[in-house]
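Values quoted throughout were computed directly from the atomic coordinates according to the rules given, and no laboratory measurement underlies them. For clarity, every value in this text was computed on a predicted model and none was experimentally measured. Using ideal geometry, Cβ is built from the backbone for each residue, glycine included, and neighbour counts are taken over all protein chains shown.
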Amino acid sequence: MSNVTTNNTLSVLKTTLQTTVSRATTKQASYNSSDESLIQYCRSWCHGKAENLSKPYFLTAVLLVRIYVKDLAQLTTRELRQWLYYLRYAGFEHVYVYDAFVFKEESQAQALKHFIDEGFVTYVDWSHRAFPYSISGTQHSAYQDCINKFGHESMWQAAIDIDEYPFSPTDQQPKFVQRQVAGFSKTMSTASELTMQNFLFLGKPLDSNEHPLLIDRLWRRTHGPANLLVKPIYKPSHVSSATVHHNALSKGRSVDFPVNMLRMNHYWGARLQNWGEDTPEIIARTQPDTSMETLVKNLKDCVTHCLPSVDLVYRKQWN
């Protein structure tokens, strides 16, 4: 082979190698840029401890819960932490968890340590009111206790369960509940309570091992609000007596959110079919609804950037 041919060959190889390296570098830079953008996006809503401690809060939630092995709905510690993770995305700044455990091993205090340490959760042992359970003695009293002790810390507060997810069909970006409450309350200046109408997500859930997020297991809902059992977002300072669906108000009035602004996605699953297979009645009563896909994707994308371990929301456990 002549020197000219050899030099030309080497030149081509060098150019090819440089092009490959350049493309790889550009691709890596693109990945890094994409990763950095994702990290910044996630941290824009799963903020740190200092911001969580800023009071008074604009929006908080109160939860009465009991996690136990024999629960037919299989709402475990995993689903509890998923719900807290979702509320953080939705714009809730703090959650008061009233733990109505009956047996000591059911306590969620240790399971919620990450959220407590970050200042996102205030944990209240409510076991002394857990048994025998009654709506007034256990649930109403928890909500009232939260108002009495912590109501001054919140402008607005929601009382909801761990299978109830506030949802806006028109806004799925971080802190959407804050925006909907702020906007609607401004137009309804005399309102002290804004209620979310109840859309049931029904049917046999997808496998929880393949779809660990509760909101990724059920994709059929009732055609409209399933009943009158709304859930309230209220001004604690304007509540004279707390209940489940409509509080007794000392000032102002109660107004329903338009369902295109904010509704409640209630993940009931297979309750109405005795935990069995889907029935013609359930199919007729529901319609496909994939409007949570964006939220599911965003939550999955941010898990590793917002939580110390994916096990917090993916691994099934009871305490």
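Key figures for this structure:
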quantity	calculated
Student exercise, the chain dipole from Lys, Arg, Asp, Glu Cβ charges, in Debye to nearest 20	480
Backbone HN-Hα couplings from phi across segment 224-239 [Karplus 6.51/-1.76/1.60, Hz, Gly and Pro as x]	x, x, 6, 6, 8, 7, 6, 10, x, 10, 9, 8, x, 5, 10, 9
Net charge of neighbours whose Cβ lies under 15 Å from the Cβ of TYR41, counting Lys and Arg as +1 and Asp and Glu as -1	+2
Projected area averaged over orientations for the chain, convex hull of C-alpha atoms, nm²	22.9
For the chain, cysteines whose Cβ has no other cysteine Cβ within reach (under 4.7 Å)	CYS146
Ascending count of other beta-carbon atoms within 10 Å, so fewest first, for LYS175, LYS251	LYS251, LYS175
Sequence-distant residues sharing a close amide H with VAL239 (under 5 Å, placed H)	SER250
Of the chymotrypsin sites (Phe, Trp or Tyr not before Pro) in segment 114-186, those whose Cβ has at most 14 other Cβ within 10 Å and which sit in DSSP loop	TYR133
Segment LYS149-GLU293, length gained on full extension (0.36 nm per residue, minus Cα span)	48.1 nm
Integer Hz, Karplus 6.51/-1.76/1.60 couplings in order for segment 159-174, x for Gly and Pro	10, 9, 9, 6, 9, 10, 10, x, 8, 10, x, 10, 8, 10, 7, x
Gaussian network model of the chain, springs between alpha carbon atoms under 10 Å - residue of GLY269, GLY203, GLY252 with greatest fluctuation	GLY252
Listed pairs LYS55/LYS235; LYS186/LYS235; LYS49/LYS104; LYS55/LYS149; LYS186/LYS251 exceeding 18 Å between Cα atoms	LYS49/LYS104
For the chain, with +1 on Lys and Arg beta carbons and -1 on Asp and Glu, the positive-most of VAL62, LEU206, SER127 along the dipole	VAL62
CYS146, CYS306 arranged by Cβ crowding within 10 Å, fewest neighbours leading	CYS306, CYS146
Alpha-carbon spread of segment 213-288, three principal axes, descending order, Å	46, 25, 25
Karplus-derived 3J(HN,Hα), 6.51/-1.76/1.60, for each residue of segment 249-254, Hz, glycine and proline x	9, 8, 7, x, 9, 9
DSSP bridge pairs, the chain: antiparallel proportion in percent, nearest 5	40
Estimated distance in nm for a label pair at GLU277 and SER240, the labels positioned 7 Å out from Cα along Cα-to-Cβ	5.5
Candidates per GluC sites (Glu not before Pro) in segment 230-319, loop by DSSP, up to 11 other Cβ within 10 Å	GLU277
Placed amide H near TRP156: partners under 5 Å, 5+ positions off or other chain	LEU59, THR60
